[in-house]
Amino acid sequence: MNMLGLRGSYRNTKVTTRLTWIEEKILEKLLGNASLTLLYQSNVHKRCTLEMTKKCSLQGSTMTIVYLEQEVVGVFMLEDFPDKDSKKTSTCAWFSFERNKISSGISALVLNTLVKVNSTSLQMSSISGLTLIVYPSKEGLYLNEAVIKNLELNVKQSQYLECEIFRVDGIKNNPGFIKKMVTARQHRGKFLSTLRAYRPYADLVSEVRILLVGPVGSGKSSFVNSVKSSFQGRLTRQAIVGSDKSSITTQYKVYSIKDEKNKETLPFMLCDSMGLEDEKEAGLCTDDIPHILKGCVPDRYQFNPREPIKLKHFTYAASPPLKDRIHCVAFVLDINSVDTLSDKMVAKLKKIRKDVVDCGVGCVALLTNVSDYDEVLDNNLVNMTENMTSLNQVQNVRNMLNIPVANILMVSNYASERMLEPLKDVLIFAALQQMLRAADDALEDLPLEDTASDDGSFNNSSHIKNEGKLGEVKRREMS
Amino acid sequence: MEEALKGRTLFDQAWPLRWKLPSVAALGQNLRPDRFQNFKRTVLALPLDSSMAMRTRLTWEQEKYLRNYFGEKKFCLLYKASVQEFAGQNLLYKCQDQGPTMVVVYSEKYVIGVYLQEGFQENKVSTTLFTIQETGLSPCALGPCLPLSLFRYEETSDFFILLDKKTVTISSEIRKVLRLPSLSGDTFIQECEAFRCDELLDERKTRGIVGLCSNLLDALRNYKPYGDLVHQTRILLLGPIGAGKSSFVNSVKSVFKGSITHQASVGCDRNGISDKYRTYSIMSKNDSGPLPFVLCDSLGLSENEGLHTDDICHILKGHTPDRYQFDFRKPITPNHPNYIHDPLLKDRIHCVVFVFDINSFNQLSCELVAKIKQIRRDLIKHGILHLALLTHVDSLTWITKGDLLDIYSCNPVKVKLGVFHRLFGFALSDILVVSNYDSEWQLDPVKNMLILSALKEILYTANGFLEDLPLNK
């Protein structure tokens, strides 16, 4: 065979990245759960673009990283690395971080970018005006003003310490996926701010109560833990989850949600209930639902599948105040089981739905165990995608429970993961936001006497303040 | 720092079978919304060849055979013939000057490889041939060879690969050593892959792990029980005899002390060494008082002679004094001289950890499994949060120290966690894995990382319990 002879001497240097282990992990996280494989390193391999293309072409997605004294600049390229003397347009993620301070944050943008390789340089130019040029033979780096500004770089250097190019594995070959992954953290922050600032409609109540109801094992308690985890920024396990012959959750539990930043409770609560089962006298009694909706059931009430709630069980008044009622019901269903629910289960769900409507409570459906969770929302993480809204499961839920598609929500609970993911947080926050909107719609739609009976007079602001105080006491009791 | 705890290996990558061609991609979104408000939309077309995966055919087990023989390596795929063309020049382009390199070819039935100690370079390098079969790896040392000579035809060669012809040729003598059948002629190859062989636990990673452990230690030393409701969180360890409960206590103590300690008795006595109720405080290295959590060790669980179920209730409620001598026939009663009659919150158990040996939990008797499940249901009823801790993960077949770095991604561990999840019903994220210190004389940062990470999850779970307490308790 006709192979080129080996040229150049072997430099006795190990091929090892300059990234710290932590930096490597965080960069891999930036693109989902990527894996980086070092292909080219300027201090080991020949300092020319030909060597770059020899090592990096036909490898799939790549990430080029340039090390300066204090900072690192990088560009992830979704398309294959170009051959020498050619160019390629690709979705790219541009990023920078301070060396050894990556935990304090990465600046990152997703831009359509033209990547060119000629005999002396590797050039990346985004259509929006960012330009980065690597001159390997002289270890030179050019960054134009737009790069420095948008990636928040402090200095403009012409000499770099090292240039490394990695292959990036384990990601979807889809520009939308890249955009979602890179921007998920930002969107998470937006949702978080919105939820922190949320106030129930007209401050009629200090906290909205959201009831989770659904079959055994559909993920109700998992959703509670997932919401708590998303707000805490780490995995929490307050609602006991697992699998057993019957419902793990046998008590009515009202969970307040704490904001990790402010250490305050947020103005909504999740109410967890016993799971529904096919058989009569098993699982949650559907006759218990109206009592729960009206706010007659106290926190930690022990459900009895064979005996529905009787009013004499409690010291509560027959007509509890608005703040103790349920303001939104979420039917929690495993997306993988929606199409195979038994007729008895469907009948139970429909009965509950009727009670919910009769009580004037807001209503959503929450589909759990969504494996393609990165495809639920569009590339701007604003709306659900048509691919998801047209799923059989969504249509079935819409027909079964008469819930509009916009209120059929999808999440992937934290059940087997050990780390949080910004995109999962976004889905959880988005679902929560829809629940709060449904609750507000219901509060807005309340008959005037329902609001007046609590306050004496709807327009009496002093009563609203009193309501606030009672809510404060209640909140302190809960925490 | 939690992000650093988990990564994924090449083996775990799940390449999507579907990909979509977006008609319009609204690019230009950035993390700071003020910029690029006038960005234009662009139509993108994705070339088909981008859907081909640079992914190795090697299974996790095959990589493990390779590591057992060539050392703890991470195999970084550099060249794959079906993606980058069956051409020797392309392999050379990808592999030159990459350090230790391994080339693997796959025929219909066999995996055959070449390990080049110093990689592709101008000089002769130490060369080892091998095959990987069901029974393991069969090596054949060739001695110093010119790398190029392995990829061209020479009549006198014992071994060569011709990529453009997709054949590998092996002499009958070498075939015998490699335990290949003595067929004559060339063997057709379906695929060829080449890897750089990096150190799995290099200095860079070790430094990162040490830094991570340091951060974890600081976080745990600064841990505070929720709302300062108690001065010390109390963690009860429950589990079958020999599961490693006391060993875990010693491991935690060792990590915080900075050297190996064996204060909690550990042994292999048939009835289990831990026959007393012990509450162990943990001292920090600088001896600035005990840390704000206590590990409570108890008699092991068994079908008949282990910890009495009623004794568990007493421990949970805080009635059982330190050093109480258990009697499996007779639980503690209020008549006991040291019985705590009116326990406070600080005397109660705030989190329970079920401890099992990862190798033997699936050999427990049906009666014991049922007993443990019932204990768990009782805990659920009383709202006591609990986790599972699987010990001795490093003694699991195939697991070596390098695997501890990303232990939850290792195939054998995944299988075990799945079995445990189905047997006992714990959520997968509630099952923790550690490797206790048993025979070592010195601490190891990778083991420390597992122990500290598990302890952090346990303490956060205890805080969840304290946060959820009703006011009147």
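Sort A:199-206, A:169-176 for me by packing, meaning the mean count of neighbouring Cβ atoms within 10 Å per residue, highest on top.
Numbers: A:199-206: 18.6, A:169-176: 22.0.
The densest-packed peptide leads the list: A:169-176, A:199-206.
Could you work out the mean count of beta carbons from other protein chains within 10 Å of each residue's beta carbon in A:16-26? Don't skip to the end; give the middle numbers.
On the way: counts 6, 3, 1, 2, 6, 13, 9, 3, 5, 8, 3.
Mean inter-chain Cβ contacts per residue within 10 Å come to 5.
When the Karplus curve 6.51 cos²θ - 1.76 cosθ + 1.60 is applied with θ = phi - 60°, which whole-Hz ³J(HN,Hα) does each residue of the range A:392-404 get, with x for Gly and Pro?
Once rounded to whole Hz, the list reads 3, 4, 5, 5, 5, 5, 4, 6, 6, 10, 6, 9, x.
Of A:Asn100, A:Tyr160, A:Leu130, which is farthest on the positive side of the dipole of the range A:2-173, counting Cα position, with +1 on Lys and Arg Cβ, -1 on Asp and Glu Cβ, and the Cα centre as origin?
Selected residue: A:Tyr160.
What shape does chain B take by its C-alpha gyration tensor, where a ≥ b ≥ c are the square roots of the eigenvalues and a/c under 1.5 counts as rounded, a/b above b/c as prolate, and the rest as oblate? Before the final figure, lay out the partial values.
Working: a/c = 2.61, a/b = 1.87, b/c = 1.39.
Taking the square roots of the gyration eigenvalues as a ≥ b ≥ c, chain B is prolate.
Report the charge-dipole magnitude of the range B:153-206 in Debye, nearest 20, computed about the Cα centre from +1 at each Lys and Arg Cβ and -1 at each Asp and Glu Cβ.
Working: 8 positive and 12 negative charges, 50 e Å.
Computed about the Cα centre, the dipole is about 240 debye.
Which of the listed residues, B:Leu404, B:Leu345, B:Ser182, is farthest toward the dipole's positive end in chain B, when Lys, Arg count +1 and Asp, Glu count -1 at the beta-carbon?
It is B:Leu345, whose Cα lies furthest towards the positive end.
Could you please state, rounded to a whole Å, how far the C-alpha centre of the range A:182-255 is from the C-alpha centre of the range B:197-238?
The range A:182-255 and the range B:197-238 have Cα centres separated by 27 Å.
Hey, which of these cross-link pairs are over 28 Å Cα-Cα: A:Lys228/B:Lys224; A:Lys228/A:Lys323; A:Lys344/B:Lys416; A:Lys14/A:Lys87? List each step's numbers first, then the result.
Details: A:Lys228/B:Lys224 19 Å; A:Lys228/A:Lys323 22 Å; A:Lys344/B:Lys416 36 Å; A:Lys14/A:Lys87 31 Å.
Over 28 Å Cα-Cα: A:Lys344/B:Lys416; A:Lys14/A:Lys87.
Quick check: net charge around A:Asn407, other residues with Cβ under 10 Å of its Cβ, Lys/Arg +1 and Asp/Glu -1?
Working: positive: A:Arg398, A:Arg437; negative: A:Asp441.
Once positives and negatives cancel, what remains is +1.
Nearest 5 percent is fine: what portion of the DSSP beta bridges confined to the protein assembly as shown is antiparallel? Write out the running numbers ahead of the final one.
Working: 107 of 147 bridges.
So the antiparallel bridges in the protein assembly as shown amount to around 75 percent.
Let's see if you can work this out: charge +1 on each Lys and Arg Cβ, -1 on each Asp and Glu Cβ, no other charges. What is the dipole magnitude of chain B about its Cα centre, in debye to the nearest 20?
On the way: 56 positive and 53 negative charges, 229 e Å.
Value, rounded to 20: 1100 debye.
Antiparallel as a % of all DSSP beta bridges within the range A:189-286, to the nearest 5? Walk me through the intermediate numbers first.
Values: 6 of 12 bridges.
Antiparallel bridges: around 50 percent, rounded to the nearest 5.
Take the alpha carbon atoms of the range A:33-81, find their center, do the same for the range A:90-125, and report the distance between the two centers in whole angstrom.
With the range A:33-81 and the range A:90-125 each reduced to a Cα centre, they are spaced 11 Å.
Within the set of other residues whose C-beta is less than 15 Å from the C-beta of A:Ser218, count the net charge using Lys and Arg as +1 and Asp and Glu as -1. Working shown, then result.
Working: positive: A:Lys220, A:Lys348; negative: A:Asp244, A:Asp272, A:Glu277, A:Asp278, A:Asp334, A:Asp339.
Every neighbour counted, the sum reads -4.
Let me know the charge dipole size of the protein assembly as shown about its Cα centre in debye, to the nearest 20, where only the beta-carbon of Lys, Arg (+1) and Asp, Glu (-1) is charged.
Details: 117 positive and 110 negative charges, 161 e Å.
Approximately 780 debye in magnitude.
For the range A:2-173, just say rounded, prolate or oblate: build the C-alpha gyration tensor, square-root its eigenvalues into a ≥ b ≥ c, call rounded for a/c under 1.5, and beyond that prolate if a/b exceeds b/c, oblate if not. Present the calculation step by step, with values, prior to reporting the outcome.
Details: a/c = 1.35, a/b = 1.29, b/c = 1.04.
Taking the square roots of the gyration eigenvalues as a ≥ b ≥ c, the range A:2-173 is rounded.
How would you classify the range B:57-123 from its alpha-carbon gyration tensor, with a ≥ b ≥ c the square roots of the eigenvalues: rounded for a/c under 1.5, else prolate if a/b is greater than b/c, otherwise oblate?
Values: a/c = 1.98, a/b = 1.17, b/c = 1.70.
Since a/c reaches 1.5 but b/c is at least a/b, the shape of the range B:57-123 is classed as oblate.
Bear in mind these aren't lab numbers, they're just calculated from the coordinates by the rules spelled out. Because the structure is predicted, anything quoted here is derived from the model rather than measured. Reconstructed Cβ throughout: ideal geometry from the backbone, glycine too, with neighbour counts over all protein chains shown.
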